[in-house]
Amino acid sequence: MARERLEQEALRLFAQQGYAGTSVRSIVEAAGVTKPALYYHFSSKAGLYRHLVEQHIEGWLGLVRGLFDGPGSTEERVRQYVRLAVVGAQEHPDVLRFMHQACARTEGAAPSGLDWQAREARLLTELVSRGVASGELETNNPRESGMALMAMIQWRCFASLHPEAPLSEEVALHIADIWLKGVQTCR
């Protein structure tokens, strides 16, 4: 119970205040636990931050892997992937803010979340390669095509951190349409 409260409150505070702006004291006060509880579960603020980054990376990549290994055409999987990313970002803005900071390494003391992008790019390359092999997609470069899809989604989701660029299911459908039509014409 204390561990879950620490994770929840630390994520919220890191997302709102950044790594450097969030103290151990503010985390434990928000979670209603003591400093020794944080150190027992995570050894340090950096350990807690790293745990949260890894937890969200593994959770996301597990969802993506399951989606890509599941039933459906390549087009259906692409649409589901984009929707999952966009709707997930819309429903969990603190996670989006937190992962944006981790990915961008906006603060030197914070551990990086860049490994996530390389691993997600490999999954997308596999999906596009399978789509090419099955005749559903036409591209001479599955890696760059997959990375372009990932970049479209990430940049659009990160843009939603500003109020004038909200996310919606329509946005997800539009991103999928642009990519699916574009990958067919870029050979």
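What number comes out for accessible area per residue over the chain if the probe is 1.4 Å? Units Å², please. Mind dumping the intermediate values first?
Values: 9620 Å² over 187 residues.
Roughly 51 Å² per residue, with all protein chains present.
Quote the charge dipole size of the stretch 31-181 about the Cα centre in Debye, to the nearest 20; the model charges only the Cβ of Lys and Arg (+1) and of Asp and Glu (-1).
520 debye
Say R0 is 41 Å: what FRET efficiency, to the nearest 0.05, do E144 and E91 get from their beta-carbon distance? Please report the intermediate quantities before stating the final value.
Numbers: r = 30 Å, r/R0 = 0.73.
About 0.85, to the nearest 0.05.
Go through I178, A104, F42 and say which Cα lies farthest out towards the positive end of the charge dipole of the chain; charges sit on Cβ, +1 for Lys and Arg, -1 for Asp and Glu.
The residue sitting farthest along the positive end of the dipole is F42.
Projecting each Cα onto the charge dipole of the stretch 1-98 (Lys/Arg +1, Asp/Glu -1 at the beta carbon, about the Cα centre), which of Q8, G21, G59 comes out farthest on the positive side?
Going by the Cα projections, it comes out as G21.
Net charge within 12 Å of I175 by Cβ-Cβ distance, Lys/Arg positive one each and Asp/Glu negative one each, not counting I175 itself? Provide the component values of the computation, followed by the final result.
Details: positive: R79, R83, R156, K181; negative: E169, E170, D177.
Neighbour charge sum, excluding I175 itself: +1.
Based on DSSP H runs of at least 4 residues, each adding -39500 (n - 2.57), what is the mean residue ellipticity at 222 nm of the chain after dividing by all its residues, to the nearest 500 deg cm²/dmol? Before the final figure, lay out each step's value.
Working: 9 runs with 141 residues, N = 187.
Result for the chain: -25000 deg cm²/dmol, rounded to the nearest 500.
With a/c under 1.5 counting as rounded, go ahead and sort the chain into rounded, prolate or oblate using the C-alpha gyration tensor (a ≥ b ≥ c being the square roots of the eigenvalues; past the cut-off, prolate if a/b is larger than b/c, else oblate).
Values: a/c = 2.57, a/b = 2.19, b/c = 1.17.
Judged from the Cα gyration tensor, the chain comes out prolate (a/c at least 1.5, a/b above b/c).
I need to check one value: relative contact order of the chain, counting alpha carbon pairs closer than 8 Å and at least 6 residues apart, in percent.
Normalised by residue count, the contact order of the chain is 23 percent.
Full extension from E169 to E4: what is 0.36 nm times the residue separation minus their Cα-Cα distance, to one decimal in nm? All intermediate terms of the calculation are to be shown ahead of the outcome.
On the way: separation 165, 0.36 × 165 = 59.40 nm, distance 3.01 nm.
Additional length available on full extension: 56.4 nm.
Between Q117 and L61, what is 0.36 nm times their sequence separation minus the Cα-Cα distance? Round to one decimal in nm. Write down the numbers at each step before the final one.
Numbers: separation 56, 0.36 × 56 = 20.16 nm, distance 0.98 nm.
Length difference between fully extended and current span is 19.2 nm.
The values are calculated or read from the model by the stated rules, or taken from the named source; none is laboratory data. All of these numbers come straight from a predicted model, not from anything done at the bench. Counting neighbours? That spans all protein chains shown, and the Cβs are built from the backbone with ideal geometry, glycine included. Just the protein is used for accessible areas: all its heavy atoms, side chains included, with ligands, DNA and RNA removed. Shrake-Rupley method; radii C 1.70, N 1.55, O 1.52, S 1.80 Å.
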